Amino acid sequence: MTMLLSIQSLCKTFGGLEVVRDLSFDVPDGTATALIGPNGAGKTTVFNLISGVYPVTSGSIRMCGVDIVDLPSRHRIGRGIARSFQNIRLIPRLSVIDNLLIGQHVKLKRPLDVLRPFRFARDHEWIRAAKAELSAFGLSQYDDEPVGLLPYGVRKRVDLIRATLSSPSLLMLDEPAAGLNASETRELHRHLDILRERGTTLLIIEHDMHFIRSICEQIVVLNFGCKIAEGPFDQVRTDQQVSEAYLGTERAT
Ligand SMILES: Nc1ncnc2c1ncn2[C@@H]1O[C@H](COP(=O)(O)OP(=O)(O)O)[C@@H](O)[C@H]1O
Ligand SMILES: [Mg+2]
């Protein structure tokens, strides 16, 4: 099977603190992998290392066989990596469309400037692309709504659309179901199903075990920065070390 992402002997220390220790795992192309573990295990740090927010202390991160550890964060987007954050990063007073347009302009120095000409060119290809994407996910009714007025679950999915407008091959989601009610979680699930039908590979940090079980083929479990288990859900669930380290505290966050 082709490995889209391959992590080898990854280490990260902050000051003297070893947060990620000798971590290796693979994410096969077209699959969904969950990264789980207790609070503080190092999950978000792994995302920050993959997306280039932090430099690695040692180890390699390969996308389609190419080591990307020395690439600046913005160039990793060009390599097909996109992510959503634990806290939604949208501008509340701007409309859904305008937020998506800003997402298209992450590379520009002053992203807000670019909105001005767009207001006079409503049929610009980027606007059409953003609208088509909102329609594909059943969110057209919110096109011109200020993001700040939307229900949380819709905001979350607009944030996902922002992350996937560039058609990434790998989408990393940091606790996407956190704070969502049952029906919003189902909508999110459907949203991710559509992305998977398109062939997007998913790497998901999540505490909701039902959610993980229904989406992910593979689970990697971290504890104190080390991988303590990996495999299909049912195999990981019955692992002794995992129950001790993680499952007993899964609702602690
Ligand atoms: N920028 C940073 N500087 C220092 N310590 C950090 C930094 N980011 C994370 N950490 C520490 O790394 C550990 C793992 O954090 P994190 O990756 O956020 O865990 P998780 O996402 O699994 O809850 C924690 O002890 C946290 O305090
Ligand atoms: Mg985290």
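The values are calculated or read from the model by the stated rules, or taken from the named source; none is laboratory data. The shown structure was predicted, so the numbers you read here are calculated from the model rather than taken from an experiment. Ideal geometry is used to build each Cβ from the backbone, glycine not excepted, and the neighbour counts take in all protein chains shown. The accessibility values were calculated without ligands, DNA or RNA, using every heavy atom of the protein model including side chains. Shrake-Rupley method; radii C 1.70, N 1.55, O 1.52, S 1.80 Å.
Annotation: Cα Rg of the stretch 144-196 relative to the compact-globule expectation 2.2 N^0.38 Å equals 1.13.
Computed over the alpha carbons of the chain, Rg followed by Dmax gives 18.5, 61 Å.
Above 21 Å, the calculated P(r) of the stretch 124-240 contains 44 percent of its Cα-Cα pairs.
Computed from Cα atoms, the angle from the helix 125-136 axis to the main principal axis of the chain rounds to 60 degrees.
Nonpolar atom fraction for the stretch 2-73, defined as the carbon and sulfur part of the 1.4 Å probe accessible area, stands at 50 percent.
Both radii were evaluated on the Cα set of the stretch 173-253; the Rg over Rh quotient, with Rh as the Kirkwood radius, amounts to 0.97. What's the angle, to the nearest 10 degrees (0 to 90), between helix 182-197's Cα axis and the longest principal axis of the chain? The answer is roughly 90 degrees. Normalised per residue, the accessible area of the chain is 48 Å², obtained with a 1.4 Å probe and no contribution from ligands, DNA or RNA. In the stretch 1-113, Rg over Rh equals 1.01, where Rg is the alpha-carbon radius of gyration and Rh the Kirkwood radius from pairwise Cα distances. Highest mean packing comes first when the peptides 55-61, 202-208 are listed by Cβ atoms within 10 Å, giving 202-208, 55-61. Each helix, a run of at least 4 DSSP H residues, gives -39500 (n - 2.57); summed and divided by the residues of the chain, these come to -9500 deg cm²/dmol at 222 nm. Got a number for the accessible area of Arg89? Probe 1.4 Å, square angstrom, nearest 10. Near enough 150 Å² of accessible area.
The label-point distance for Arg74 and Leu149, in a model that sets each label 7 Å from Cα toward Cβ, rounds to 3.4 nm.
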